[in-house]
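Here's the structure we're looking at; comments come further down.
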Amino acid sequence: MHTLHKGVYILAIGLSGLAGCVDAIGFLQLGGYFISFMSGNSTRLAVNLAEGQTGVAVLLGGILILFVMGTMIGTLVRHFSHTGAAAVRVLACVTALLTGAAFSYEMGHSLVAITFMTLAMGAENAVLQRGGDVVGLTYMTGTLVKLGQHLAGVLLGGHKWTWVPYLLLWLGLLTGGVIGTLLFHFFGLQSIWVAVAWAGSITVVTAVFRHRLGV
């Protein structure tokens with residue numbers, strides 16, 4: 001990530017914050033299940049299968065499938081987009097999916113809203129790609145591993161500040177999670193409208209500055 005344009009750092013942090021916000025809202029709505037952190041859901045799925053809790057296992061399996069489908073959607077949108085507009089179109093797709101979630105909630109379909117939110121989180125991971133590499137925006141295990149590796153590199157005489165982008169990306173997710181939690185406690189699932197505005201704003205800014213960002 002440290003090889004990215006400075007403006008892309010900011011974009012990645014903003015998107016990580018969006019993911020934290022949406023995941024926190026979904027987590028609280030579902031009573032303790034994630035819509036973007038699939039490692040956690042996979043562990044819970046394994047535990048529930050072992051304990052014979054088939055109802056919860058089906059729910060978690062459904063979330064995992066939706067996340068993968070969302071990733072497929074984002075990847076396909078990127079593949080069929082003009083190179084210079086790929087990230088903007090994926091962001092527009094994420095915004096559209098979150099908008100679908102918001103309208104679904106307003107029509108009284110909370111589970112449909114969660115479905116759209118999960119698809120959006122999967123799709124978001126297709127926004128930033130460099131060659132075959134993807135900047136993970138909705139999960140932080142790899143980011144924290146990189147943080148630890150670069151901190152170790154400092155101790156071994158490497159560059160002093162290569163670890164900072166990874167810390168900031170993690171802090172973006174953490175901050176977004178705090179915001180999402182506070183919003184949910186005040187507005188419930190209706191707070192997804194804030195995520196719609198968040199995603200829409202990032203989409204517009206990226207469209208305006210995409211030539212500078214190179215995304």
Exactly one of (1) assigned to a helix (DSSP H, G or I); (2) over 10 Å from the mean Cα position of the chain (by Cα) is unmet by Gly32. Its number? (1)
All but one of (1) assigned to a helix (DSSP H, G or I); (2) surrounded by 15 or more Cβ atoms within 10 Å (Cβ to Cβ) hold for His185; state the number of the condition that does not hold. (2)
Report yes if Gly100 is outside any helix (DSSP H, G or I), out of contact with any Asp or Glu (no Cβ under 8 Å at 6 or more places or on another chain) and free of Cβ contacts under 8 Å to residues at least 40 places away in the same chain, otherwise no. no
If Arg78 passes every condition in (1) of a type in the set (D, E, K, R); (2) in a helix (DSSP H, G or I); (3) surrounded by fewer than 19 Cβ atoms within 10 Å (Cβ to Cβ) but one, which one does it miss? (3)
Pick out the one residue from Val127, Val196 that is crowded, with 17+ Cβ neighbours inside 10 Å and outside any helix (DSSP H, G or I). Val127
Output the number of the condition that Leu45 fails; it satisfies all remaining conditions of (1) surrounded by 15 or more Cβ atoms within 10 Å (Cβ to Cβ); (2) within 28 Å of Thr206 (Cβ to Cβ); (3) touching a helix residue (DSSP H, G or I) at 6+ places or on another chain (Cβ under 7 Å). (2)
How about segment 49-65: which of its residues are touching a helix residue (DSSP H, G or I) at 6+ places or on another chain (Cβ under 6 Å) and farther than 16 Å from Leu30 by Cα? Leu49
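A short reminder: the numbers here are calculations on the coordinates, not readings from a lab. This one's a predicted model, so the numbers in the text were calculated from it and none came from an experiment. Positions of Cβ are backbone-derived with ideal geometry, glycine not excepted, and every protein chain shown enters the neighbour counts.
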